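The values are calculated or read from the model by the stated rules, or taken from the named source; none is laboratory data. The shown structure was predicted, so the numbers you read here are calculated from the model rather than taken from an experiment. For neighbour counting, all protein chains shown are included, and Cβ atoms are generated from backbone atoms with ideal geometry for every residue, glycine included. Heavy atoms of the whole protein, side chains included, go into the accessibility calculation; ligands, DNA and RNA do not. Shrake-Rupley method; radii C 1.70, N 1.55, O 1.52, S 1.80 Å.
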Amino acid sequence: MDIRIVNVRKEFDRYPALHGVSLDIHSGELIALLGPSGSGKTTLLRLIAGLERPTEGAIYFGDEDASHLDVQERNVGFVFQSYALFKHMTVADNIGFGLTVRPRATRPPSAEIRKRASDLLDLVQLSGLEKRFPSQLSGGQRQRVALARALAIEPRVLLLDEPFGALDAKVRRELRHWLRELHERTGHTTVFVTHDQEEALELADRVVVMSQGRIEQVGTPDEIYDRPVSPFVFSFIGEACELPVTIAGRRISFDGAPIDIENTAVADGPARLMIRPNGVEVVTARPDAIAGEVVAVRRSGGWRRVELEVGTGKHRIEVELPVDAVAELAGRLHFLPRHWQVFPAG
Ligand code: ADP
Ligand code: MG
């Protein structure tokens, strides 16, 4: 099911939570809405579900204008971070719930509901746990049951709002891989909300980066990571350091001296050079590299984190270097950015 969001604005008591958002979601893709808290992710998801109405704009399911349809008519499956299972119901009854509450005309016979619950338990790899109660499951198992429950109604689209947010890091990573595999097998159109950039980049076919009620960028994980369109995306999607530079044609100068990297994006004048700490290369002293005084060195996993003071402005930046690269350092090092981008200042 393709979903098309066209110029959707949403206000709560005159306060705009979304400003004219447009987005095409392709049938069968897993798309992540990524952004800091308050950026409008949940609001956009609730609008797709039909739990909220747009103040302006429209939402299409396929060719059909779904803006006027209610939640049931849209036939969406939901999983929330805190959408607890029904405590007094078994796992099988929880999964079948959405079918048992259907009007008699569309309700499958109870034997078929039981069969479907058991098939879905196989799918989420919890076979045999039909008779358990939610209190007898781990957090990760409960979220898998919640996903089976969402799938039971054969939704046209699956909407997941930080479904693993309450779980610890290791379980989250396991469920992330598991969800990706499940998605590849079932091929549901899925919209996944997260504020965790690693989760979004690992899981999604495409990532929608949101900030303050607007979409900043839509792209594949590679596009978002390697070619962020704004300083916000650059620093939200991974670690970032920044230096003030001056652009003149293709030349990028820091502290009055041109650096051996080439500008193709930004007009002449002051600009912001953004660098990933793991995207620098140490070079032997030369005038077209950036020089920094080593302020501190820390071990970080297989790398060393080196804090540098750079230029006459003594800008503090942090770079990540191979362990042996730092052994030879004596107070001062020269480096060239390898993973970087320039943006206009201001
Ligand atoms: P996110 O999910 O990215 O954290 P939300 O979509 O929940 O962001 O919220 C976006 C903005 O809209 C926030 O400023 C939030 O306070 C506001 N908001 C969300 N829901 C409501 C509501 N029901 N009433 C008033 N303001 C709301
Ligand atoms: Mg939210």
I want to confirm something. Restricting to segment 162-190 and keeping residues that are of a type in the set (Asp, Glu) and open to solvent by 80 Å² or more (accessible area, probe 1.4 Å), which single residue is farthest from Asp122 (Cα to Cα)?
Asp168
Collect the residues in segment 155-184 that are within 15 Å of Leu30 (Cα to Cα) and of a type in the set (Phe, Trp, Tyr), keeping them in residue-number order.
Trp178
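Could you tell me whether segment 79-89 includes any residue that is under 27 Å from Leu99 (Cβ atoms) and in contact with a Lys or Arg (Cβ under 7 Å, 6 or more places away or on another chain)?
Yes; the residues of segment 79-89 include at least one that is under 27 Å from Leu99 (Cβ atoms) and in contact with a Lys or Arg (Cβ under 7 Å, 6 or more places away or on another chain).
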Pairs please, first residue from segment 193-205 and within 14 Å of ligand 1 (Cβ to nearest atom), second anywhere and aromatic (Phe, Trp, Tyr) and open to solvent by 40 Å² or more (accessible area, probe 1.4 Å), Cβ atoms under 8 Å, 6+ apart in sequence or on different chains.
Gln197/Phe236
What strands (runs of 3 or more DSSP E) completely inside segment 157-261 contain at least 1 residues that are of a type in the set (Ser, Thr, Tyr) and at pLDDT 95 or above?
190-194, 206-211, 241-248, 251-254
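Conditions tested, residue by residue: (1) within 21 Å of Leu18 (Cβ to Cβ); (2) more than 16 Å from ligand 2 (Cβ to nearest atom); (3) not assigned by TED's automatic domain parsing to the domain that holds Val21.
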site: Leu151; (1), (2), (3): no, yes, no
site: His177; (1), (2), (3): no, yes, no
site: Thr194; (1), (2), (3): yes, no, no
site: Glu198; (1), (2), (3): no, yes, no
site: Val208; (1), (2), (3): yes, no, no
site: Glu216; (1), (2), (3): yes, yes, no
site: Gly219; (1), (2), (3): yes, yes, no
site: Glu223; (1), (2), (3): no, yes, no
site: Val229; (1), (2), (3): yes, yes, no
Would you confirm whether or not segment 31-46 contains a residue that is under 26 Å from Gly165 (Cβ atoms) and away from ligand 2 (no atom under 16 Å from the Cβ)?
no
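Sort through Gly57, Gly62 and tell me the only one that's over 17 Å from Leu160 (Cβ atoms) and either within 16 Å of ligand 1 (Cβ to nearest atom) or aromatic (Phe, Trp, Tyr) (or both). Full working, then the answer.
Details: Gly62 fails: either within 16 Å of ligand 1 (Cβ to nearest atom) or aromatic (Phe, Trp, Tyr) (or both).
None of the others qualify; the one that does is Gly57.
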Here the residues within segment 201-251 that are closer than 25 Å to Ile261 by Cα and of a type in the set (Asp, Glu) are Asp222, Glu223, Asp226, Glu239, Glu242
When residues of segment 9-45 are filtered for being charged (D, E, K, R) and within 11 Å of ligand 1 (Cβ to nearest atom), how many remain?
5
Gln143: passes all of (1) within 16 Å of ligand 1 (Cβ to nearest atom); (2) open to solvent by less than 40 Å² (accessible area, probe 1.4 Å); (3) among the polar types (S, T, N, Q) but (1)
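Being of a type outside the set (D, E, K, R) and under 15 Å from His339 (Cβ atoms) is the filter; apply it to segment 266-282 and report the residue that is most open to solvent (accessible area, probe 1.4 Å).
Keep residues of segment 266-282 that are of a type outside the set (D, E, K, R), which gives 266-267, 269-271, 273-275, 277-280, 282.
If we keep only those that are under 15 Å from His339 (Cβ atoms) as well, we get 273-275, 277-280, 282.
Values: Leu273: 0, Met274: 6, Ile275: 4, Pro277: 6, Asn278: 92, Gly279: 5, Val280: 21, Val282: 51 Å².
Looking at the filtered set, the residue picked out is Asn278.
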What number of residues in segment 227-259 are of a type outside the set (Phe, Trp, Tyr), open to solvent by less than 80 Å² (accessible area, probe 1.4 Å) and touching a residue at least 24 places away in the same chain (Cβ under 8 Å)?
19
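One line per residue, one yes/no per condition, for (1) free of Cβ contacts under 8 Å to residues at least 24 places away in the same chain; (2) more than 19 Å from Pro258 (Cα to Cα); (3) in a strand (DSSP E or B); (4) assigned by TED's automatic domain parsing to the domain that holds Ile259:
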site	(1), (2), (3), (4)
Arg286	no, no, no, yes
Val306	no, yes, yes, yes
Gly313	no, no, no, yes
Glu320	no, yes, yes, yes
Leu336	no, no, yes, yes
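Residues are listed down the side, and each one gets a yes or a no for (1) open to solvent by 60 Å² or more (accessible area, probe 1.4 Å); (2) of a type in the set (Val, Ile, Thr); (3) over 26 Å from the mean Cα position of the chain (by Cα):
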| residue | (1), (2), (3) |
| --- | --- |
| Asp288 | no, no, yes |
| Val294 | no, yes, yes |
| Glu309 | no, no, yes |
| Lys314 | yes, no, yes |
| Glu318 | no, no, no |
| Leu321 | no, no, yes |
